[in-house]
Amino acid sequence: MSEITRSPRVMQKLQSEIRNCTTRKPGELDITKMSYLKMVVKETLRLHPPAPLLIPHESLSHCQIGGYSVLPGTCVIVNGWWIGRDPGTWGENAAEFYPERNLEYGHQTKRTNNHMETFTIFPSWLLTTLLVLSLFCFFLYTVRSKRSPMVVPELPPNPPKLPIIGNLHQLLGKPRHQALWQLSQKYGPVFLLHIGSKPYLVISSSAMAKQVFKIQDHIFCSRPISQASKRLTYNYLDIAFSPYNNHWKKMRKLLVSEFLGPKRAVSFNHVLVAEIECMVRSISSHPSNTVVNLNKMFLASVKAVVCKVAFGKNYREEPLKGPSWEVMLDETMEILNGSLGDSFPWLGRLIDQFSGWNFKLEKCFSNIDAYIETIIDDHYNHITGEVNDDHDTDFVHTLLELSSIENPYDDRVTKGDIKALVMDVLTGGIDTTVVTMVWAMSEIIRSPRVMQKLQSEIRNCSRRKQGGHELDITKMSYLKMVVKETLRLHPPAPLLIPHESLSHCQIGGYSVLPGTCVLVNGWWIGRDPGTWGENAAEFYPERFENIDVDFGGGNFEMVPFGGGRRSCPAMNTVPATIESMMANLLYWFDWEVPDGVKNEDLNMLEEGSLVVRKKLPLCLVPKKHNWED
């Protein structure tokens with residue numbers, strides 16, 4: 001078919017013969033009359049024998065070929081390709097596709113002087129049938145091409161890249177979410193970049209985020225694999241980093257129903273109130289004008305709440321072997337950023353090995369695994385139980401019940417599943433909450449107007465409850481706006497956790513290939529002037545008075561918790577925790593910056609990659625509120 005297509009003369013002559021010898025009924029072709037068709041087949045096999053060197057032969061005994069001795073056992077290779085093109089046999093035009101040359105040799109399929117050995121391999125009926133089928137396929141292809149011309153997939157715009165490293169050099173020297181924002185200003189809300197050999201699709205608008213999280217959520221609901229996430233999640237048994245599969249559905253359902261659901265709400269509220277009281281007492285016990293590190297205070301309080309609800313006790317009273325929890329958390333977040341081996345499969349893995357990254361990964365895993373193992377062993381030994389409700393058990397206790405041999409249901413889980421879920425609770429439920437609270441208090445301190453308005457609302461809604469710390473949060477609408485505004489400007493994970501496309505699709509008119517890693521720049525989506533106006537970069541909670549936006553919103557104007565089926569399952573619990581703690585801090589205390597620092601000059605630099613924290617700790621001076629003023 002290739003040779004026929006290259007020669008319009010042969011095509012015209014052959015089709016004329018076929019159509020003259022054919023009736024109107026499909027499939028009734030009189031091939032015996034098509035002499036030129038047979039010449040075309042012969043000429044094709046002369047120039048293009050299917051096995052150019054045939055199948056090797058072997059000599060059985062000593063003989064002579066061309067006057068030369070051939071020993072027994074010699075392998076014989078016949079170059080059928082050259083024999084069919086030998087000018088000594090076929091003339092000067094031997095390399096030309098010229099079917100008419102076969103007229104002088106008649107219509108036999110095997111030459112007596114063996115000029116064309118290839119015809120000894122296939123029977124003539126099979127060769128003719130194959131050619132007819134090829135002609136039919138060519139006809140269908142021609143008709144289809146006229147109806148629907150081939151469309152070449154259009155990939156998203158791609159910044160110029162360098163060999164080997166791709167676009168890595170364009171991400172150095174600044175936070176990744178800000179570097180990607182700058183690139184999006186030039187290449188649009190959907191663009192493609194490469195880090196090493198790995199393609200990344202970058203989404204930088206709410207409209208495109210809606211495509212990923214809602215319209216085509218079934219395509220973008222998986223996660224890319226990495227060496228760090230695989231190791232730290234016990235081979236993808238968790239919820240946050242696991243690829244989309246039935247096991248992930250089972251684990252997410254288990255976490256939501258047994259840890260974040262209504263059955264855990266009573267104990268959660270009980271523990272939260274107790275820890276807030278402890279935090280307020282601790283601050284009140286400090287001497288006047290004492291500087292308090294809010295980073296450490298928030299971390300201790302949030303960790304206590306999460307650990308008591310999930311594990312039945314707070315693991316700070318008795319030290320465990322290995323580094324402190326704070327150090328382990330920082331190491332885990334750093335390791336989860338990934339390694340060179342994820343993007344540079346060969347060279348990167350060597351660098352990871354010799355640079356000590358692999359050792360660091362194993363050390364981090366060993367430390368966190370030992371911590372989790374201690375928690376599980378405590379439950380096996382029945383030494384936990386600070387949650388006071390007699391009818392209630394903590395999350396790990398519930399998981400162990402489901403994993404017991406006596407449990408007859410399909411939701412039985414393994415010890416690896418339990419460890420992976422505990423890892424999710426520790427890494428996802430503590431650090432992100434603490435980071436958000438620090439950013440919120442930083443923004444409030446920098447804006448005396450917001451501070452005054454917020455404290456006025458809190459104290460007016462709680463005036464009848466001065467003897468207690470359980471405030472009526474439901475009436476504090478401005479507090480909710482402040483928390484929303486904080487999450488808009490400072491999403492804890494600015495690029496969220498990466499997604500991965502499961503199949504070919506289109507985003508913004510561009511083709512996205514299967515296996516493409518997707519980064520959603522939630523940091524910029526929350527600051528886009530096209531959505532939030534000219535003052536998008538300003539901390540202005542009042543903007544939510546006229547804008548009804550929720551965290552899992554239908555239009556995705558802000559995506560601090562992601563969206564779709566891979567959204568954060570704690571998107572309702574985290575804001576409620578932040579609101580309760582901040583309401584109590586602002587109710588009982590007035591806050592000031594240390595001497596020598598102006599409110600508006602508070603350092604707001606960022607650090608981190610997966611989770612972005614305030615670079616410098618937030619240190620403030622609490623003053624007990626004078627209720628007589």
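Every read-out reported here was derived from the displayed coordinates using simple, explicitly stated rules and does not represent laboratory data. Just so you know, these numbers come straight off a predicted model, no measurement behind them. Don't worry about glycine lacking a Cβ; one is built from the backbone with ideal geometry, like all the others, and counts go over all protein chains shown.
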Problem set entry | Greater than 27 Å apart at Cα, pairs in 303/363; 249/484; 263/313; 360/415 | 249/484
Problem set entry | Packing-based exposure ordering (other Cβ within 10 Å, fewest first) of 566, 231 | 231, 566
Seminar exercise, completed: The simple spin-label model distance between residue 534 and residue 96, using points 7 Å out along Cα→Cβ, in nm, is 7.7
Exercise. How large is log10 I(q)/I(0) at q = 0.16 Å⁻¹ when the Debye formula is applied to the Cα atoms of the range 482-608, each weighted equally and without solvent?
Worked result: -0.97
Problem set entry | Helix 262-284 axis, angle to the chain major axis (alpha carbon atoms, nearest 10°) | 50
Problem set entry | Local electrostatic count at residue 178 - Lys and Arg +1, Asp and Glu -1, tallied over other residues with Cβ under 12 Å | +2
Problem set entry | lysines with Cα under 22 Å of residue 623, excluding same-chain neighbours fewer than 8 positions away | 296, 453, 465, 598
Exercise. Amide H neighbours of residue 191 under 5 Å, counting only residues 5+ apart in sequence or on other chains, H built in-plane at 1.01 Å?
Worked result: 202
Seminar exercise, completed: Computed over the chain: longest principal axis from alpha-carbon atoms vs helix 176-187 long axis, angle to nearest 10 degrees, is 50
Problem set entry | Order by protection proxy (mean Cβ within 10 Å, highest first), peptides 287-293, 219-225 | 219-225, 287-293
Exercise. When the convex hull of the C-alpha atoms of the range 194-307 is computed, what volume per residue in Å³ does it have?
Worked result: 205
Exercise. Ranking 75, 619 by Cβ neighbours within 10 Å, fewest first, what do you get?
Worked result: 75, 619
Exercise. Mind ordering 511-518, 480-487 by average Cβ neighbours within 10 Å, highest first?
Worked result: 480-487, 511-518
Problem set entry | Set of lysines near residue 174 by C-alpha distance (under 23 Å), chain-local residues within fewer than 8 positions excluded | 161, 186, 198, 614, 615
Exercise. Rounded to the nearest 500 deg cm²/dmol, what is the calculated helix-only ellipticity per residue at 222 nm for the chain, with -39500 (n - 2.57) per DSSP H run of length n ≥ 4?
Worked result: -13500 deg cm²/dmol
Exercise. Along the three principal axes, how long is the chain when you take its alpha carbons, biggest first, rounded to the nearest angstrom?
Worked result: 121, 57, 49
For this session: Excluding residues on the same chain fewer than 8 positions from residue 42, give the lysines whose Cα lies under 26 Å from its Cα.
Result: 13, 33, 110
Problem set entry | Acute angle (nearest 10 degrees) that the helix 415-429 long axis makes with the longest principal axis of the chain, alpha-carbon atoms | 60
For this session: Please report 377, 369, 417 as a ranked list, fewest other C-beta atoms within 10 angstrom at the top and most at the bottom.
Result: 377, 369, 417
